[in-house]
């Protein structure tokens, strides 16, 4: 590439940067970012829940699904998804926090009517539930993805010791009542967040009108309830003893501590 070509492209790059910066600094731009990333995250939650529910079909189906995810696109697929979700999650949080700060500053300096106060109150609820969900996500990743617990990380599929026993790990992980309690609180806050957030997505994208308002509110509530039931059904049924590891992967687990699985010794 010649020097003249570089000089011609540099103003274009600067123009693109300025455009993106103006988009980010505008409240409309931030709202669009929150809406699009929120839509991505809701889609992920629905897919993640559907995958988790394979546990009710048994060890083989759940472990096959986990193995597929980790070998998709020669192992790169799961990383593409993780990076995309992490980017969406960070943008969603940063844009939301920035919007709340802008709304608060605008209310304090220019507005005093009830609608603005109400909107600010809703925003405060959303941001605190969102930050709680953030803490839950970090814990969930450490618990089941990074597997900081060596006993959970060491579990092997009794039918195929070459692969990880996700089925046994999930049951073992939810054998701790404190973990189950934390999941109940966090998932409940997440679904409360979604029941308001899904409606906001439609509004930002210009799809919510006077005629569709009730239907969109019903959709948001329905999606939130389905996710709440789907995600919490697993820890609840493990905690109540309905969902068990029939092959003994969690036989030596005490309620407060995850011990070495006997499968690791076979």
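We did not get these values from a lab; they are worked out from the coordinates using the rules stated. Keep in mind it's a predicted model, so treat the numbers as computed, not measured. Here the Cβ positions follow ideal geometry from the backbone for every residue, glycine too, while neighbour counts run over all protein chains shown.
Exposure proxy check: 140, 92 ranked by fewest other beta carbons within 10 Å? Show your work: numbers first, answer last.
Numbers: 140 17, 92 21.
Fewest-to-most ranking of 140, 92: 140, 92.
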- Message: To make sure I understand, if each residue's beta carbon is the centre and we count other beta carbons within 10 Å, what order do 96, 204 fall in, fewest to most?
- Response: 204, 96
- Most exposed first by the Cβ proxy, i.e. fewest other Cβ within 10 Å, how do 85, 178 rank? 178, 85
